[in-house]
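Asks: Before anything else, here's the structure in question.
The values are calculated or read from the model by the stated rules, or taken from the named source; none is laboratory data. Note that the structure is predicted; figures quoted are calculated from it, not measured. Cβ: placed from backbone, ideal geometry, glycine included. Neighbour counts: every protein chain shown. Protein only, heavy atoms only, side chains kept; ligands, DNA and RNA dropped before computing areas. Shrake-Rupley method; radii C 1.70, N 1.55, O 1.52, S 1.80 Å.
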Amino acid sequence: MPMNVSFVPEEALLDLSFDGNLDLTVTHAVCGVVPQLQSRLKTCIMDLTRVDRVFDSGIALLRMLSRDLHQVGATVVVLGDQPEVRRQLSLIQGDASYPSRRHLAAAGAA
C-alpha cells in the first residue's frame, strides 16, 4: 500500500496520505517519518480517505506513529470517511500517555 509524504516547513505540517490496504506493507515508511521531522513538526494529517481495507497491523502502525507524534508535541488529525476507518479512529489516535517506541527501547536498555 503506498504512503505519500508531504512536509510543509512554513507550517510545520506533515501530510501522510494512504492508498489501498492499510497493513504491514507501510511499516518501513511509517517508521521512518518521525525521526526525520520531529524537531520541526507541529501538525500531522493522516489522510485515510483512500484506504480500501483496514488490517489490525495497519492500525497498530498508525497508533505507534500517533504516539510518537504526540511525544514530540505534534497534533494528529486523522481523516477517514469509510465506516471501517471511522470505527478505528480512536485506536489510531490512541492515548498519548501510552509508552512510545522510544520509551520502550529505553526501558529495555536499562
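Asks: Show the residue pairs meeting these rules: Cβ distance below 6 Å; 6+ apart or different chains; first residue within segment 1-22 and touching a residue at least 12 places away in the same chain (Cβ under 8 Å) and within 14 Å of ILE45 (Cα to Cα); second residue surrounded by fewer than 18 Cβ atoms within 10 Å (Cβ to Cβ) and among the basic types (Lys, Arg).
Replies: Every condition considered, the pairs that remain are ALA12/ARG40; ALA12/LYS42.
Asks: Name the residues in segment 44-82 that are part of a strand (DSSP E or B), within 14 Å of SER17 (Cα to Cα) and under 13 Å from the mean Cα position of the chain (by Cα), would you?
Replies: CYS44, ILE45, MET46, ASP47, LEU48, VAL76, VAL77, VAL78, LEU79
Asks: Go through (1) touching a Pro at 6+ places or on another chain (Cβ under 7 Å); (2) open to solvent by less than 70 Å² (accessible area, probe 1.4 Å) one by one and return the number of the condition VAL34 breaks.
Replies: Only one criterion in (1) touching a Pro at 6+ places or on another chain (Cβ under 7 Å); (2) open to solvent by less than 70 Å² (accessible area, probe 1.4 Å) is unmet by VAL34, namely (1).
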